[in-house]
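Readers should treat all values here as calculations from the given coordinates under stated rules, not as data from a laboratory. Computed from a prediction, not measured in an experiment: that's the story for all the values here. As a convention, Cβ positions derive from the backbone with ideal geometry for all residues, glycine included, and neighbour counts pool all protein chains shown.
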Amino acid sequence: MQWENTPESSNIEDRRGQGMSAGMGGGGASFGTGGMGVGVIVIVLIISYFTGINPAVLLNGAQIVTGNGGQQQQVATAPQSRPATATDRTTSFLRHVLGETEAVWAEILPAQKSVRYTPTTMVLYTGGTQSGCGGARAAMGPFYCPNDKKVYLDTSFFNEMQAKYGGGGDFAYAYVIAHEVGHHVQDLLGILDRADEAKQNGSRTQANAISVRVELQADCLAGVWAANANKKWNLIDQNDVARAVATAQAIGDDTLQKSARGYAVPDSFTHGSSAMRQKWLMTGLQSGQVDSCNTGVE
Ligand SMILES: [Zn+2]
């Protein structure tokens, strides 16, 4: 992913190295992803079909990411906390990715939905911090808070993604950011409010189903962003897409739940199954259109 020549955002609040550091235990958990899931292979063939890229090239990329049968994963060695003024590669990368979301959404949200884009702020923290939606802890993973319109990101999440789930690579990380910015776009479109209202009026099962549709739509919006960002800066190559898709597979709720308890419980999915996450990311990536993200929440 070529991101060095893209715009940089100034909407980053760096709280790393400030109090509430809960000290991530690390835990040394190893959910070895083993071989490549059938889902990855199917998706790679689909990408290959649409892009004309040799599937062997794509599969190779996906294999690097999902771990080639017990091959040692490179675990990032970044320190757990940094000074608040850090200007390391991660910070620079995040500034660029957020800047890319701002440039793209400022253009396509008015053009496609007649809505002005006001940027979100990304809060970087380590361990824990306060958010407009309550306490943020590293274990929660990245999230968007509609009350203060900010994205919260513990930067050690990326190390964890690489170590635990086999996801990795700049574009896979960018996809995670783009998913959170996707929630902000949903917020600007009034979708989060409407979804909340519908959740309050429904049963727990119905509320879960709505949450899943909101999450899958954020995946699709991440794909819409990627399609348009690629048009502007030509920043994605074929390995990037394979890696992001492998990440979508690795962080699907069914995969996470199976890792945690050995089986999956569809009723309590909040992000959707791996297959659904891949499907909606690809939908947005292929269309570049917000309206293609009709997962059933609008
Ligand atoms: Zn989400």
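Tabulated values for the structure
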| quantity | calculated |
| --- | --- |
| Summed side-chain charge close to I236 - residues other than I236 whose Cβ falls under 12 Å, Lys, Arg +1, Asp, Glu -1 | -1 |
| Amide H partners (placed H, <5 Å) of T155, local residues excluded | Y125 |
| Rounded D (µm²/s) - segment 93-221, Kirkwood Rh over Cα pairs, Stokes-Einstein at 10 °C, 1.306 mPa s | 102 |
| Calculated diffusion of segment 150-220, Stokes-Einstein form, Kirkwood radius summed over Cα pairs, 4 °C and 1.567 mPa s, µm²/s | 96 |
| Proxy reagent accessibility, fewest Cβ within 10 Å first, across E197, E180, E100 | E197, E180, E100 |
| V185, V115 arranged by Cβ crowding within 10 Å, fewest neighbours leading | V115, V185 |
| Column: log10 I(q)/I(0), Debye, Cα scatterers of segment 83-153, q = 0.13, 0.23, 0.25, 0.29 Å⁻¹ | -0.46, -1.07, -1.14, -1.25 |
